[in-house]
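Notes for the one structure printed next.
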Amino acid sequence: MSNPLSDLLAEKGYLLADGATGTNLFNMGLMSGEPPEFWNTDKPENILTLYRGAVNAGSDVFLTNSFGANASRLKLHNAQNRAHELSRVAAELAREVADTAGRKVIVGGSVGPTGEIMEPVGTLSHANAVEMFHETADGLKAGGADVGWLETISAPEEYRAAAEGFALAGLPWVGTMSFDTAGRTMMGMTSAGMVDMVEEIENAPAAYGANCGTGASDLLRTVLGFAAKDGKLPIIAKGNAGIPKYHEGHIHYDGTPELMATYAVMARNCGAQIIGGCCGTMPSHLEAMREALDTTPKGSAPELEEITAALGGFSSESDGTDGAGPTRAPRRGRRRS
């Protein structure tokens, strides 16, 4: 089914997505524990600056500041009744930036996990999860988002509930999961299992992939796992800018713009068509990624040894698809570009 993201991807062949939301907002003064979504109404100029940073760096698609704009997460701040409003305003601000960009730019309405564990392991019912995702998706659609962008999901049950929520809102969508537990999501999903899942969902995403996780190396190994299944849908790669380091009370990511440029090119060679950054990825990283993608011809898929030589070692020996248990790799030094 046609949608603005798929249309632009067909036109260009690959797309550069945006970078971090939290990292950039923390650099603007967001305090730990403060809901970033409140800034949509309280500090809209900061959110416009966030969006423009990605667009000016060359992103073809950028995400709204609505990752935690669902009733479950907002309830922690007694703001559960603001999910639709904060999602709508996040998209309205993004629409303003996209419509004045001077080129075609896609607004992706960010939708994160509910923060609850679904039945039967947890207490969140399927119906309640669908209702929450529907509310957020409807707000994003009302604000002008081109597509919904589900991200950082661990449980297949939650992914499927989100698919139903997007369907109820009538909003096309894409969805990524976070493979941060020895090649699997926290709830045990492998890259191969995700491909099987997205191709059987009734309201299938327009693209799927991985975001966040551990480091760029692990994420590319996951992308290779997607590609090995030879699925029909475009693949998204949105990896962190290196490895987080705790320094002077703050989390910093050690990935340089040069490393992220190398990652971007390798992600495309691994099979990804929509490539961006996640935690720690700043406009300077995006600028380097844009230049590298635009000036480097697509090559063959790298071997695992090539990935680790360029981006550092994997966090686990297995990517979860070989039947091996979640055994951690021995600690090793990282090569920095």
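The values are calculated or read from the model by the stated rules, or taken from the named source; none is laboratory data. As the structure is a prediction and not an experimental result, all values here were calculated from the model. Positions of Cβ are backbone-derived with ideal geometry, glycine not excepted, and every protein chain shown enters the neighbour counts. Remember, those area values only see protein heavy atoms, side chains included, never the ligands or the DNA or RNA. Shrake-Rupley method; radii C 1.70, N 1.55, O 1.52, S 1.80 Å.
Taken over segment 41-81, the residue count meeting the criterion of being open to solvent by less than 10 Å² (accessible area, probe 1.4 Å) and acidic (Asp, Glu) is 1. The test for being without any contact (Cβ under 8 Å) to a residue 12 or more places away in the chain and either open to solvent by 10 Å² or more (accessible area, probe 1.4 Å) or outside any strand (DSSP E or B) (or both) holds for Asp230.
For Ala182, state whether it is without any contact (Cβ under 8 Å) to a residue 40 or more places away in the chain and touching a Gly at 6+ places or on another chain (Cβ under 9 Å). Steps first, answer last, please.
Values: without any contact (Cβ under 8 Å) to a residue 40 or more places away in the chain: no; touching a Gly at 6+ places or on another chain (Cβ under 9 Å): yes.
No: the conditions fail for Ala182.
Which ones in segment 57-81 are out of contact with any Asp or Glu (no Cβ under 8 Å at 6 or more places or on another chain) and assigned to a helix (DSSP H, G or I)? Across segment 57-81, the qualifying residues are Arg73, Lys75, Gln80, Asn81. Contact map, segment 314-325: first residue open to solvent by 40 Å² or more (accessible area, probe 1.4 Å), second residue at pLDDT below 75, Cβ cut-off under 8 Å, separation 6 or more or different chains; pairs are Glu317/Ala324; Glu317/Thr327; Glu317/Arg328; Glu317/Ala329.
The single condition from (1) closer than 17 Å to Ala145 by Cα; (2) assigned to a loop (DSSP other than H, G, I, E, B) that Met31 fails is (1). Summed over segment 82-125, the residues that are assigned to a loop (DSSP other than H, G, I, E, B), open to solvent by less than 10 Å² (accessible area, probe 1.4 Å) and closer than 15 Å to Leu150 by Cα give a count of 2.
Of all the criteria given as (1) in contact with a helix residue (DSSP H, G or I) (Cβ under 6 Å, 6 or more places away or on another chain); (2) open to solvent by less than 20 Å² (accessible area, probe 1.4 Å), the one not satisfied by Ala207 is (1). So, Gly225, is that one at pLDDT 95 or above and either among the acidic types (Asp, Glu) or surrounded by fewer than 19 Cβ atoms within 10 Å (Cβ to Cβ) (or both) or not? No: the conditions fail for Gly225.
The C-beta contact set for segment 86-99 (first residue under 11 Å from Tyr51 (Cβ atoms), second residue assigned to a helix (DSSP H, G or I) and open to solvent by 20 Å² or more (accessible area, probe 1.4 Å), distance under 8 angstrom, 6+ apart or interchain) comprises Ala91/Lys141; Ala91/Ala142; Leu93/Pro44; Val97/Arg52.
Take the conditions of a type outside the set (A, V, I, L, M), in a loop (DSSP other than H, G, I, E, B), at pLDDT 95 or above and over 19 Å from Leu9 (Cα atoms) and apply them to Phe166. Does it pass? In short, no. Of all residues in segment 249-306, those that are assigned to a helix (DSSP H, G or I) and either of a type in the set (Ser, Thr, Tyr) or more than 19 Å from Gly225 (Cα to Cα) (or both) total 20. Of everything in segment 15-33, what is hydrophobic (A, V, I, L, M, F, W, C), over 15 Å from Pro283 (Cβ atoms) and free of Cβ contacts under 8 Å to residues at least 60 places away in the same chain? Give them in sequence order. Within segment 15-33, Leu30, Met31 meet the criteria.
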